[in-house]
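Let me begin by handing over the structure; questions about it come next.
Only the coordinates and a few stated rules stand behind these numbers; no lab work does. Keep in mind it's a predicted model, so treat the numbers as computed, not measured. Note: ideal-geometry Cβ built from the backbone for every residue, glycine included; neighbour counts use all protein chains shown.
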Amino acid sequence: GAVVSQHPSWVICKSGTSVKIECRSLDFQATTMFWYRQFPKQSLMLMATSNEGSKATYEQGVEKDKFLINHASLTLSTLTVTSAHPEDSSFYICSAGPGLRRGNEQFFGPGTRLTVL
Amino acid sequence: GENVEQHPSTLSVQEGDSAVIKCTYSDSASNYFPWYKQELGKGPQLIIDIRSNVGEKKDQRIAVTLNKTAKHFSLHITETQPEDSAVYFCAASAGGSYIPTFGRGTSLIVHP
């Protein structure tokens, strides 16, 4: 149990376009989902926390107008990178907290590799 | 806020040897300590975790120890195998927060 999927697994786009990444909890309801960014050989950097039905909470330094997060249901959160630029190229990973299932635990998706040309 | 230090950054061992990765944390309110394994190009996978009311937990070849007084916890892998090669992250979180603070990661290389 506790499976989190992401789609797409990789995407290449042109500079200036927008890209949407989906994160789904497949076998549990996730009251809270998290979005991370990871550069090569570095740790995970938390970008934002999204709670179902409410606005996301962004970490300091993360532009909320550039990284739009929507958590429309207990099983789906989306991250949209708007007007993408080459510096947005990175590995984006979501995670979901089971909430009612077990405290503190997070389960990660497989990640999405974004390359902006 | 919480600060998690992880050492070493790189660990190279021979197949069959043991590997130990150590982490320290700063926030005495932290009570949940997961360990994640991340293979190249994939998301982190939870491999073992420990809560503050326990000093040690074992799962086959993997064990985690926690010293709350000293604020450090360690991952022990015995009889290492080449498929154990990956980056391992420790993390700490407090109370009802689901948001862990991650260490910088340890790249474990197991030579056949």
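Given a Förster distance of 30 Å, report the FRET efficiency between A:SER5 and A:GLN42 from their Cβ-Cβ distance, rounded to the nearest 0.05.
Computed FRET efficiency for A:SER5 and A:GLN42: 0.80.
Sort B:54-61, A:14-21 by the packing proxy (mean of other Cβ within 10 Å over each peptide's residues), most packed first.
Values: B:54-61: 12.1, A:14-21: 13.6.
Put in order of decreasing packing, that is A:14-21, B:54-61.
Now for a different question. Where q = 0.16, 0.24 Å⁻¹, what log10 of I(q)/I(0) comes from the Debye formula for chain B, counting one point per Cα?
So the normalised log intensities are -0.66, -1.40.
What residue among A:HIS85, B:CYS23, B:ALA63 has its Cα farthest toward the positive end of the dipole of the protein assembly as shown, where the charges are +1 on Lys, Arg and -1 on Asp, Glu, each on the Cβ?
My answer, from the dipole projection, is A:HIS85.
Right, another one. To the nearest whole number, what is the average tally of beta carbon atoms from other chains within 10 Å of the beta carbons of peptide B:9-20?
Values: counts 1, 0, 0, 0, 0, 0, 0, 0, 0, 0, 0, 0.
Per residue, the average neighbour count from other chains is 0.
Right, here's the next one. In Å, what is the Rg of the alpha-carbon atoms in the protein assembly as shown, and how long is Dmax?
17.7, 52
Also, I was wondering about something else. What is the count of Lys pairs in the protein assembly as shown whose alpha carbons sit under 24 Å apart, if the two are 8 or more places apart or on different chains?
26
At A:ILE12 and B:SER9, where each label point lies 7 Å from the Cα along Cα→Cβ, what is the point-to-point distance in nanometres?
It is 3.1 nm.
Also: How much length is gained on full extension from A:LEU68 to A:LEU26, taking 0.36 nm per residue of separation minus their Cα-Cα distance?
12.9 nm
Right, something else. Over the Cα atoms of region B:1-56, compute the convex hull volume and normalise it per residue, giving Å³. Working shown, then result.
Working: hull volume 6.8 nm³, N = 56.
Spelled out: Cα convex hull of region B:1-56, divided by residues, is 122 Å³.
If amide H atoms are built 1.01 Å from N in the plane of the peptide, which residues on other chains or at least 5 residues away come under 5 Å of the amide H of B:ILE109?
Here B:LEU11, B:SER12, B:VAL13 satisfy the definition.
Now a separate question. Looking at region A:1-99, I'd like the Rg to Rh ratio, where Rg is from alpha-carbon atoms and Rh is Kirkwood's inverse mean 1/r.
Working: Rg = 13.0 Å, Rh = 13.7 Å.
Ratio of gyration radius to Kirkwood radius: 0.95.
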